[in-house]
Every structure is written in structure tokens, then in C-alpha cells.
Amino acid sequence: MKVPTKDYSMQTPSQQKNKHFSPFSGFLPFFWLALACLGGILLAYLIKIPNWLWILGVSASLILLVITLALPKKLSFTHLLRKYLRSDQRLPGLVLSAIFFFGGWRYTVTRPVITPEHVAFYNGRGTVQLIGTMIKPPDPRDSHTNLVIAVDSLRMLNEDLAEVASNQMSGQVLIQIKSWQEFEYGDQLLITGQLETPFESADFSYQDYLANKDIFSLMPYAKVEKITSGQGKPIRAFLYELQSKSLDTLHDLFHSPESDLLAGILLGRDQGLSHELQEAFRKTGTSHIIAISGFNIAILAGLFSGVFTRLLGRRWGALTAVVGIIGYSLLVGGEAAVVRAAIMGGLGVLGGMFGRRQNGLNSLGLAVMPMLLINPNLLWDIGFQLSASATLGLILYAQPLEERFIKTARNWMTEERAQKLVGPASEFLLFTFAAQVMTLPIIAYHFGGISWLAMIANPLILPPQSLVLILGGFSLLTGMILPGLSKIIAILAAPFVRYTIHMVSWLAHLPGGDITLPKFHFLWLAIFYVVLFIVTLLPREQRKSILMKAFSFEAGILLLVGGVFFMWNRVLTISDDQLHLTFLDDEGTYLIQSPAGNTVLVGGGESPTHLKQVLGQFLPAGDNKLSAVIVGSAARDDLNGLTDGILHTPVEIILWGGDPEVNQTSVAVYTSFSNRSVPISAMEPGQLLYLGEGGILRVLWVGERGAVLWLEWHNFTALLPTGKVADHWLSTPWSPQVILLPDDLKAETLPQPILKDWAPCVLLLPLKETDLPLQGEHELLSILEDYPIVNTLEYEWVRISTDGKNMWIDGK
């Protein structure tokens, strides 16, 4: 009797489609190697492990691999060893282990050793004179311009330290200069100023941000002179010149703000966008469309592959798409972030066009692993993360979305018409959505949350972005070659660019736009991707089983209650997009509240009870924490309020100036913070406290009995001395709009010519009843009667609010 056999080739198409194929099945050597390398780098970042242990791990893995392959297979010991070490697999476990340890070793050895031959060694050591070369084009901002300098030599100007020879000095410095000064890539500069270590707070580490770009020193307010030009690399100079010409072409073809938006989308040059428009993109969760190093390259890869495949066939279409991506990368200046994105996008196209999704995953791993081994710090680069996640989204979800589109479209049209329609739909919507699914959580993680507006903004904004890319890019390209033809193409592109601007601006003004999902922990980011992969990549039966176990009626009730509590908490703590500077008493105690939600208390006053009451009045409900407390003066009247006034208020960091043991009150306050395990940092001139959204609090001077602080946010500036500062408050970066007059200021020491030159908008004078003479008016009030002065005799508290341009004063 013959046993019947099943002929799989005779299955119907519907039966074949019902069988689920996971993109993670099959042989994916480069994908798993890249994950192993990433794991090693993460472990080295989290735990400080000596180099020799990483080398030992690599050596042991390779030696064990050789042993398992060399031992005779007939031995039972060999069989067990191969089984437990997975040596019989196509990708042996010991190879993954070796790459894991090698990745950790690479991260460890790339961390710089700060020696006298490294420029960061001289941070905080006084005034220095540098000779260095600009290795990037200038980065203009509203109030200053950033220059990145590779240091050739260094000389101390106020310390007896030897000059370091040019061939021994290493390191890069971020220089900040006045916006009107003009320099270009390749200029060799003579720079004078003070080197600083970028500030690090509990909420944001500018130090880590710059360290990932291999920059460990910052020099604000530098004095710069050009020595010579043309010291850069010729190829890079040509690419930067090409980018500059591209920018000029866009401004010739389009009016502002259309030209500024296209410069951001096509060239990554978003400096021309107004603060209001940048804020609108941020609020609506659509800032990713102007990050060419990540999201747009992935979309461009999908567009090129779709168009060229239909025109030239699968293989030649893929190759042409890769050439197009390379050409675009060169056009926008060949920045490292763009090149990395182009490599990932190009390999993703090749993998997707020449085979299944597994090939795309292998291509992504092949692109990511060498990049991480060359520069492990890329793992913390936002552009790299967006590039990798957007490419992964295209690999995993572009094909299933196309299949789902065809299946749905067949309900209203013939299959032949659905097949023709799926190409344009993919290029203008589906590819964008696939990349967006993977990048939106990363954007929310890095940029302090994401508004609910993003849920409606992205479906409205993303579809025309493909046309913005295609028509805008084509008009730019023809504008550099055939200016006459480019104006016609620019007319076609302009409506889609205007639509993007007007839609984003309109959505940003919808009520409740400031209610955002909070910046969440990395753990929640991992959970999101795990759930996403379970829902989208597992077979229906496994997915249903997992979801039924994970969710129940009780869990739904808890989720609902938590959601209601979260929404009310967000409503109560909503920001009004203004910076508030509130003077709380007659001792010069003040509270700074930034639009990003950071709060800084300077001083404490003489009454703990009063401090409790005013903080309860001005701190938002449900969020009574202080981002920082600054102790500039250790005098009892300036400090006594801190003994009990914020005993139950969470504090993230303390900046302490002067000697903490100068009196019993300062000792008590210092000890109280130490016992609460609050980090205490000694205050030093040049320190920066980043308040978020461009707000900066800078330490200008620190003495034994006081300090001088400088607050700036966009066009708003305030000079804020605290304690006894003598005449040190007169040295400022530029003219302040708001001045808190020092409490030791006397009429005979009042610098009237300087005040007249500054022309401040507001003068704050802390006064109490005991400061008044027995007869007549306070002498300072008489002298300053022609100035816009506010004193604490008239008001219990004074609040200055600003949106960065306008200013409002309120008091009680």
C-alpha cells in the first residue's frame, strides 16, 4: 500500500500566504553580529571594565572556537563542548562572543585619556591661547556662532605652564563667537579665552552630548583672529562649497520661509528657520522631517528604489537607487552623519531588491557593525539612531504594508489596478509610515516627550513630503545646472512646501498642544519595540496567546485609572512657553522657571516659613521638585530659609560657592543636603546650567561671600548678583535687560555711566524697612529715579516673564 504524500507545490496562493514567515528566521550572520557588538558597547558604557578583561574575553572565545573545531568529533567530550558552545551552528556562538568582547574593548580604548597633551587637560585652568584649524563650517545661532576647532598648539597666558608643541597637542574645542564674525572651513585661527568643561545636570548632559562628537572642551566668548585660510582637506572643502552653493540656489528659487524649510529638509541646514517655526515642528512632533541624517535618507532610499525598479527592473533599479543616494549625500556636503545614513539606506535597498527581508536585515547589520567598531560613540548619536531605526522600519514593514494595501484595495478595484496603484501609494505614504513607526519613539525619548498633536500631524504632513523631496531636490539640482528650467520646477514644488509650513503652524496653535507624553525611561523604549515586534512579526496564534496573557480586565482598569491620573497631572503642570524670573523676598532670593519645566532656586532668604509658602505658590501643582539650588552667599540672612524651607522638596543638584563651613547656618544647610544624598558641586566661573529650549544660566564670578550669575534665553538677558560681590558684577558678556542690584551697593559706588550705557529695561533693588533712613528717601532711590526701577518695599514679590522677545512684570 502506498502512503499518500502531500504535494506542497499544489497549495493555493491563499494557503501559501497564510503561512507566516518571520523576517528573523533564516541565516542572518551580520545582523546577529551587529547586535552582539552593540551589546558589548552598551556593557562597557554601563560598567567600567579594564581593557585586559575585554582582551581576555576575545582571546578566550577564539581559543575555545579553535579547540572545538580541532578536537576529534568522535570524542564525547567534543560533542558536549560543541553543543554547549554552539560550535556546530552556521554562526557559532563563540564568534558572537568574540565580537561582543571586541565591541566592549573598542568602546573602552576610544575613551580619551586626558593628559597635558590633550586640550581638555586645560579646562578651568585660566586664559589660554590656541592655534587651531576649523574642521567644520560655521554653525550660526541666534546669539552666537559655533566653530569646531582641531587644536594645533596651546599656550597658557596666566600660569607658569610650558607651551605644548604642535605635534603633541590633540583634541577638539567648541568655540563660541559673536554672530557678526565670519570664518570658513579650513581657516587657521588664533583663539584666546578660557576653556571650560561642558556642564552636566541631572536633566541633560551637554558634556556627554559633545563627548559623543569627540569634543571635551568649550570656550565661550572667545577672541578669534584669522591666521591663514585653505588648511582643510580639498575634497571636504569642495563638498562644503557645493553645499553652500546649493543653499544659495534654494534662496534664489524660493522665498523665505519656504527656502529655509527646504534647506533643512534637503541640506540639513535648519539655522534659517525662525524660532516660532522650529517650535511648531517640535510641538507637532514633525521635527524629524528636517533631519536628513536619519529619517529622510531612509524615505529617499524607498523612493529611489520604487521609481528606478519600475523603470529599469529589479537589479539595475537597485544599483541606480544606490547611485542616487550617493549623489544626494555628496550634494548635501558629505557630512559623516549623512554618509552613515546613506550607507545604511543603500545597503537596505540592495538587500531588499535582491532578495527577501532577511537580506535587508543582513545588509543593515553589515552597515551598522563596522560603523560601531570604528566609532562606538555613534550608538548615542541621534542621527545614527534615526537612520538605523528608519531603515529597519522599511526592511520590516514596507513589504507587508504593500501586501496589506493590495489586499484592501482589491475590495474596491481589480487586482491589476491595485498592483499599479501600490507603487505610488508606497512612495508617497507607505514607506514614510513604515519609517515613522520606528522613529517616533526615539524622537519622544530624546526630545523630552511628544505632543498628542503628533498623532494627527504626521498623517497630514507626511504624505506630501515625498513630493517635497522629489520636486524640491530636482529643482535644486536643475537650479545648479539649468537655472531657467529650475524656476518652473520650483513653481510645482512651492505649494507642497507651503502646505507643510501652514499645516504645521496651524496644528501648533490648536488648544492643548502643550500636553505631551513625558520623556520616558529607556526601559519603556525597549518595551515599546518588544510589543511592536510581537504584534507585527509573530504568527497570529502566538500573538493572540501572548496578548491574552498580558492583558486582562483588571489590567485594563488599572491602565484607565493611570491614564486619567497622568492626564490630570499633565494638565496641572502644563508650561506656558515663557521663562519666569521671580524675586521672592527682600534678600535677593529668586526662582527661575524655564519653558522646559526646569526650576532653579538661588538663595533661601531668612525665613523657612516664607520660603515654603512662596515655593508652594509658584511651583506647579504636582511637580514641586527643584532642578537646582544655587548657594552663592553663605550669609545667614541669605541662607537660613534653606534649613527647613525645602526639607521635603526634591532637589537634583546643588551648586555651592564659597566655604560651606563659614558659619553654623551654612554648615547645617550643607550637612542637610549631604544627608539627603543630593549631589553638591563646587561653583566655578564659567559653569553653565542648561535650562532647556536654549535657556542658560552662567556663572560669571564666584567669591567667598557671593557670586554673579548671568541668565539668557533667546533675546532676554538678566544680570543676577547674589551676596557680596563688590564691583565684579560690572563685567558682563553684553548689556543686560534686567539687573538685580547687589545688596552691598552704595550710592558712592553706583556706576552711573555704565548703567546709562547698558540702558536696562528693569532695575531690581532689594530693600526692607531697616534699610530706610530715619528721614527722607533711600539715597539709591533718589539717584535712580530716572531709571525703570522696582524695589521690594513696594512689592512682596516681583515676577518677570518673557517669551524671548517681549517682557511682562507682575508683583504683589
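The values are calculated or read from the model by the stated rules, or taken from the named source; none is laboratory data. Small disclaimer: the values here were computed from a predicted structure and weren't measured. When we count neighbours, we look across all protein chains shown, and the Cβ atoms used for this are built from the backbone with ideal geometry, even at glycine.
Output the number of residues of the range 94-123 satisfying the condition of being part of a loop (DSSP other than H, G, I, E, B) and either of a type in the set (Val, Ile, Thr) or buried (at least 23 other Cβ atoms within 10 Å of the Cβ) (or both). First the steps, then the outcome.
Keep residues of the range 94-123 that are part of a loop (DSSP other than H, G, I, E, B), which gives 111-117, 123.
Pick out the ones that are also either of a type in the set (Val, Ile, Thr) or buried (at least 23 other Cβ atoms within 10 Å of the Cβ) (or both) and you get 113-115.
Residues flagged as part of a loop (DSSP other than H, G, I, E, B) and either of a type in the set (Val, Ile, Thr) or buried (at least 23 other Cβ atoms within 10 Å of the Cβ) (or both) within the range 94-123 amount to 3.
If you filter the range 412-429 down to residues that are of a type outside the set (A, V, I, L, M) and buried (at least 18 other Cβ atoms within 10 Å of the Cβ), you find that the one that is modelled with the highest pLDDT is Ser426.
Yes or no, residue by residue, for (1) assigned by TED's automatic domain parsing to the domain that holds Leu174; (2) touching a residue at least 24 places away in the same chain (Cβ under 8 Å); (3) outside any helix (DSSP H, G or I); (4) surrounded by 14 or more Cβ atoms within 10 Å (Cβ to Cβ):
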{"position": "Leu218", "(1), (2), (3), (4)": "yes, yes, yes, yes"}
{"position": "Glu225", "(1), (2), (3), (4)": "yes, yes, yes, no"}
{"position": "Ser246", "(1), (2), (3), (4)": "no, yes, no, yes"}
{"position": "Thr249", "(1), (2), (3), (4)": "no, yes, no, yes"}
{"position": "Ser256", "(1), (2), (3), (4)": "no, no, yes, no"}
{"position": "Ser259", "(1), (2), (3), (4)": "no, no, no, yes"}
{"position": "Ala263", "(1), (2), (3), (4)": "no, no, no, yes"}
{"position": "Leu266", "(1), (2), (3), (4)": "no, yes, no, yes"}
{"position": "Leu277", "(1), (2), (3), (4)": "no, yes, no, yes"}
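In this structure, does Asp152 turn out to be charged (D, E, K, R), more than 26 Å from Asn51 (Cα to Cα) and at pLDDT 85 or above? I'd like the intermediate steps shown before the answer.
Numbers: charged (D, E, K, R): yes; more than 26 Å from Asn51 (Cα to Cα): yes; at pLDDT 85 or above: yes.
Taking the combined requirement at face value, the residue satisfies it.
The criterion of being surrounded by 24 or more Cβ atoms within 10 Å (Cβ to Cβ), modelled with pLDDT of 80 or more and either part of a helix (DSSP H, G or I) or out of contact with any Phe, Trp or Tyr (no Cβ under 6 Å at 6 or more places or on another chain) (or both) holds for Val368.
For the range 594-710, please list each of the strands (runs of 3 or more DSSP E) lying entirely inside it that holds at least 2 residues being in the same structural domain as Thr802 (by TED's automatic domain parsing) and in contact with a Gly (Cβ under 8 Å, 6 or more places away or on another chain).
Working: elements: 599-602, 628-631, 654-656, 680-682, 688-692, 695-702.
Strands (runs of 3 or more DSSP E) meeting the threshold: 628-631, 695-702.
The residue of the range 387-411 that is modelled with the highest pLDDT, among those that are of a type in the set (Gly, Ala, Ser) and farther than 24 Å from Leu460 by Cβ, is Ala388.
Could you grab me the full set of residues in the range 707-721 that are out of contact with any helix residue (DSSP H, G or I) (no Cβ under 8 Å at 6 or more places or on another chain) and either surrounded by fewer than 21 Cβ atoms within 10 Å (Cβ to Cβ) or not aliphatic (A, V, I, L, M) (or both)?
Trp710, Glu712, Trp713, Asn715, Phe716, Thr717
From the list Pro721, Pro736, the one residue that fits, being modelled with pLDDT of 80 or more and part of a loop (DSSP other than H, G, I, E, B), is Pro736. When the range 438-451 is limited to residues that are buried (at least 18 other Cβ atoms within 10 Å of the Cβ) and of a type in the set (A, V, I, L, M, F, W, C), the one that is modelled with the lowest pLDDT turns out to be Ile450.
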